[in-house]
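J.: Submitted below is the structure of interest, expressed as structure tokens.
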Amino acid sequence: MSQPVHPFRDLGFRRLPPAEMALRAADFHQELDRRRSVRAFSRDPVPRELVEQAVRAAGTAPSGAHHQPWTFLVQCG
């Protein structure tokens, strides 16, 4: 009997030793702990193509039940 053909490709993940996972988790936490919200916006215009690309990228974010209930508003001018 032949092996089933899977449409997925192997992403080549490798399991890390527990000590390495702990170190990476701590580094990740430190990185996230340094983030801050910035609410100072530039008045410089942004090319429409960049805005459209950002919206396309944002629309691929995971959502509950894969419904993508996103609404994007762009202020022009």
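J.: Could you say which residue among Ala54, Ala40 is assigned to a helix (DSSP H, G or I) and of a type in the set (Gly, Ala, Ser)? Spell out the reasoning first.
T.: Values: Ala40 fails: assigned to a helix (DSSP H, G or I).
Result of the check over Ala54, Ala40: Ala54.
J.: Here's something else I'd like to know. Answer with yes or no whether Arg43 is out of contact with any helix residue (DSSP H, G or I) (no Cβ under 6 Å at 6 or more places or on another chain) and surrounded by fewer than 10 Cβ atoms within 10 Å (Cβ to Cβ).
T.: On the way: out of contact with any helix residue (DSSP H, G or I) (no Cβ under 6 Å at 6 or more places or on another chain): yes; surrounded by fewer than 10 Cβ atoms within 10 Å (Cβ to Cβ): yes.
So Arg43 fits the description; yes.
J.: Listed residues Glu49, Glu20; which is open to solvent by less than 100 Å² (accessible area, probe 1.4 Å) and over 19 Å from the mean Cα position of the chain (by Cα)?
T.: Exactly one of Glu49, Glu20 is open to solvent by less than 100 Å² (accessible area, probe 1.4 Å) and over 19 Å from the mean Cα position of the chain (by Cα), namely Glu20.
Residues checked against (1) under 30 Å from Cys76 (Cβ atoms); (2) in a loop (DSSP other than H, G, I, E, B); (3) of a type in the set (A, V, I, L, M):
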residue: Phe13; (1), (2), (3): no, yes, no
residue: Glu20; (1), (2), (3): no, no, no
residue: Asp44; (1), (2), (3): yes, yes, no
residue: Glu49; (1), (2), (3): yes, no, no
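Matching residues to (1) open to solvent by 90 Å² or more (accessible area, probe 1.4 Å); (2) at pLDDT 85 or above; (3) more than 20 Å from the chain's Cα centre (by Cα):
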position: Leu11; (1), (2), (3): yes, no, no
position: Asp27; (1), (2), (3): no, yes, no
position: Gln53; (1), (2), (3): yes, yes, no
position: Ser63; (1), (2), (3): no, no, no
position: Pro69; (1), (2), (3): yes, no, no
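The values are calculated or read from the model by the stated rules, or taken from the named source; none is laboratory data. Small disclaimer: the values here were computed from a predicted structure and weren't measured. Cβ coordinates were reconstructed from backbone atoms using ideal geometry, including for glycine residues, and neighbour counts include every protein chain displayed. Protein only, heavy atoms only, side chains kept; ligands, DNA and RNA dropped before computing areas. Shrake-Rupley method; radii C 1.70, N 1.55, O 1.52, S 1.80 Å.
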